[in-house]
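Written below as structure tokens is the structure these notes are about.
The values are calculated or read from the model by the stated rules, or taken from the named source; none is laboratory data. If you're wondering where the values come from, they're calculated on a predicted model, not measured in any experiment. Neighbour counts are summed over all protein chains in view; Cβ atoms, including those assigned to glycine, are modelled from backbone coordinates with ideal geometry.
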């Protein structure tokens, strides 16, 4: 019997997959548990339509992420921090500080998507990477300046 999975089933596949299973497994377990539905012509058409809509939505998000990546790569972000006379910071500049500075530029990005190679403990120019989408990331230049 062919069924359409409503959610991921570890031994069969992901949500939306059409799989062939034994009648008893489908009628006694998958369908009553709400994990699958019968693969009728109408249901198959509905799944195909939903897949097309998902693909369009993902492509729109990818395009928006690429535009944001281009914008971010052109920004030189300035972060102010307390520093001693030798240029060492009192503390470190974290991804949270960078996210706050980006909010000031009008870009709202979660701090967990920003990665820094090494802790920033001195004044100067650094590079951070920002993961915007599944396969889209951007390099961001961060200038750490002393607070005045």
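Within region 38-61, does at least one residue satisfy the condition of being surrounded by 16 or more Cβ atoms within 10 Å (Cβ to Cβ), free of Cβ contacts under 8 Å to residues at least 24 places away in the same chain and not in a helix (DSSP H, G or I)? Checking region 38-61: not a single residue is surrounded by 16 or more Cβ atoms within 10 Å (Cβ to Cβ), free of Cβ contacts under 8 Å to residues at least 24 places away in the same chain and not in a helix (DSSP H, G or I). Count of region 71-96 residues, restricted to those that are in contact (Cβ under 8 Å) with a residue 60 or more places away in the chain and either in a helix (DSSP H, G or I) or not assigned by TED's automatic domain parsing to the domain that holds residue 111 (or both), is 2.
Have a look at 138, 83 and point out the one that is under 21 Å from the mean Cα position of the chain (by Cα) and more than 30 Å from residue 16 (Cα to Cα). Just a single option satisfies the conditions, and that option is 138. Of all the numbered requirements in (1) under 15 Å from the mean Cα position of the chain (by Cα); (2) at pLDDT 95 or above, residue 56 misses one, and that requirement is (1).
In summary, residue 34 fulfils each of the numbered conditions (1) touching a residue at least 12 places away in the same chain (Cβ under 8 Å); (2) part of a helix (DSSP H, G or I); (3) loosely packed, with under 11 Cβ neighbours inside 10 Å with the single exception of condition (2). Each residue in region 1-21 was checked for being farther than 30 Å from residue 133 by Cβ and either surrounded by 11 or more Cβ atoms within 10 Å (Cβ to Cβ) or touching a residue at least 60 places away in the same chain (Cβ under 8 Å) (or both), and 4 pass. Given the condition in contact with a helix residue (DSSP H, G or I) (Cβ under 8 Å, 6 or more places away or on another chain) and closer than 29 Å to residue 60 by Cα, answer yes or no: does some residue in region 80-94 qualify? No, there is no match, as no residue in region 80-94 is in contact with a helix residue (DSSP H, G or I) (Cβ under 8 Å, 6 or more places away or on another chain) and closer than 29 Å to residue 60 by Cα.
Give region 105-115 a look and list any residue that's surrounded by 12 or more Cβ atoms within 10 Å (Cβ to Cβ), within 17 Å of the chain's Cα centre (by Cα) and either in contact (Cβ under 8 Å) with a residue 60 or more places away in the chain or not in a strand (DSSP E or B) (or both), or say none. Matches in region 105-115: 107, 109, 111, 113. Being touching a residue at least 40 places away in the same chain (Cβ under 8 Å) and in a helix (DSSP H, G or I) is a description that does not apply to residue 102. Candidates are the residues of region 116-146 that are touching a helix residue (DSSP H, G or I) at 6+ places or on another chain (Cβ under 7 Å) and either farther than 25 Å from residue 57 by Cβ or without any contact (Cβ under 8 Å) to a residue 24 or more places away in the chain (or both); the one that is surrounded by the most Cβ atoms within 10 Å (Cβ to Cβ) is 140.
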